[in-house]
Amino acid sequence: MLDNITSRLSFDGIGTSGYLKKAPSYIDNCYEAIHPTTKIPYLKGNLNNLSISISNTGLNISGSIPKYKNNNNFETLSMHEYKDIYTEISDLLHQPIYNSNVSKVEFGTSLEVVNSPKEYYPFLAYLNGYERNLMKGSLYFINTLRTLRFYNKRTELIKNGFVFPLELKNNNYLRYELKYDKNIANQFNKAKVQVHDLYNQELFNLLVLDWKAQFDNILKHQTTTYEDMTSKTGQILLLENYIHEKGMDETLQYIKTLKSKFSTEREYYRFRASIKEVNKTGVKSESMQELEDKINIMVDSLL
């Protein structure tokens, strides 16, 4: 579930300890660069797929831990494996990387689904406080602190040369990721989050529950069928289909352009709120029931 992790280990007196002189032998493809703002020189390189930068103030490390171990993030690692990997990285870099402060983390998994992943996107209609975007075959919900991403994992893996086992080669995989882009400690009401906290059961459980909660908070497009339609139910069905086709964000943006046409600001916000309620009626689609069931099974297996 844990994937890309960005962290920083701060230290004092490293310039006099001789570490900077030894560091080039600890990382691959090492070279000296100049920070564009501070103009201070630092070392840059990598450890397998992990990006490393080292200066006299600290060591930054970023990348996918599953890819470090398995060259892919399709296979889920256990918390014990994360602990072993960070112990290994700490030994290789001769620094306690497991004590570094986490600034970004990505949490997600690949769900085996019945249909092509893109067929699920229209049903994931709206998430309050996030901007919904379709970009390069992925569905994003983005705000200043977090990003939710849904995409076709099978397509990505094949593009990167991953060879599926015979029994999995024809399966569809929808990957759902929740990325904490900044202020992760504040989001969990902690003074700081260090790498070793991520594979501690307490914080790991919070990540699992938040991953599920964000999916549950997404407004799902419901399917409604009417018999003996009236003019009113016909209008509701037409509105539901418009929102399904355009998406809730685009619908609300259009409504915003009409704000000055309403008799009062209160009427505008009442109408806007009523639009958000439209997709809460009707019957949950088979696609959304499938995703909900599989996410619940995943959560139950982890907690």
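Is at least one residue of the range 19-30 within 19 Å of the chain's Cα centre (by Cα), part of a helix (DSSP H, G or I) and surrounded by 16 or more Cβ atoms within 10 Å (Cβ to Cβ)? No: the range 19-30 contains no residue that is within 19 Å of the chain's Cα centre (by Cα), part of a helix (DSSP H, G or I) and surrounded by 16 or more Cβ atoms within 10 Å (Cβ to Cβ).
With respect to residue 251, is the statement that it is in a helix (DSSP H, G or I) and crowded, with 18+ Cβ neighbours inside 10 Å true? So residue 251 passes the test.
Yes or no: residue 240 crowded, with 18+ Cβ neighbours inside 10 Å and at pLDDT below 90? Considered against the rule, which asks whether it is crowded, with 18+ Cβ neighbours inside 10 Å and at pLDDT below 90, residue 240 comes out as yes. Checking 90, 53, 78 one by one, the residue that is more than 30 Å from residue 208 (Cβ to Cβ), outside the structural domain of residue 297 (by TED's automatic domain parsing) and among the small types (Gly, Ala, Ser) is 53 and no other. Of 25, 53, 64, all but one fail to be in contact with a strand residue (DSSP E or B) (Cβ under 8 Å, 6 or more places away or on another chain) and without any contact (Cβ under 8 Å) to a residue 24 or more places away in the chain; the exception is 53.
Quick grid of which residues meet (1) within 22 Å of residue 243 (Cβ to Cβ); (2) acidic (Asp, Glu):
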| site | (1), (2) |
| --- | --- |
| 69 | no, no |
| 72 | no, no |
| 79 | no, no |
| 88 | no, yes |
| 101 | no, no |
| 104 | no, no |
| 109 | no, no |
| 115 | yes, no |
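Among the residues of the range 58-75, none is identified as among the β-branched types (Val, Ile, Thr) and surrounded by fewer than 16 Cβ atoms within 10 Å (Cβ to Cβ).
Checking residue 226 against (1) surrounded by 15 or more Cβ atoms within 10 Å (Cβ to Cβ); (2) in contact with a helix residue (DSSP H, G or I) (Cβ under 7 Å, 6 or more places away or on another chain); (3) at pLDDT below 85, which test does it fail? Of everything listed in (1) surrounded by 15 or more Cβ atoms within 10 Å (Cβ to Cβ); (2) in contact with a helix residue (DSSP H, G or I) (Cβ under 7 Å, 6 or more places away or on another chain); (3) at pLDDT below 85, residue 226 misses just condition (1).
In the range 56-76, what residues are in a loop (DSSP other than H, G, I, E, B) and modelled with pLDDT of 90 or more? Correct list: empty. With respect to the numbered conditions (1) within 30 Å of residue 169 (Cβ to Cβ); (2) in a helix (DSSP H, G or I), which one is the sole condition not fulfilled by residue 91? Every condition holds for residue 91 apart from (1). Of all residues in the range 37-52, which are on the phi > 0 side of the Ramachandran plot and at pLDDT below 90? Matches in the range 37-52: 39 only.
The values are calculated or read from the model by the stated rules, or taken from the named source; none is laboratory data. Computed from a prediction, not measured in an experiment: that's the story for all the values here. Here Cβ is always computed from backbone atoms with ideal geometry, including for glycine, and neighbour counts include all displayed protein chains.
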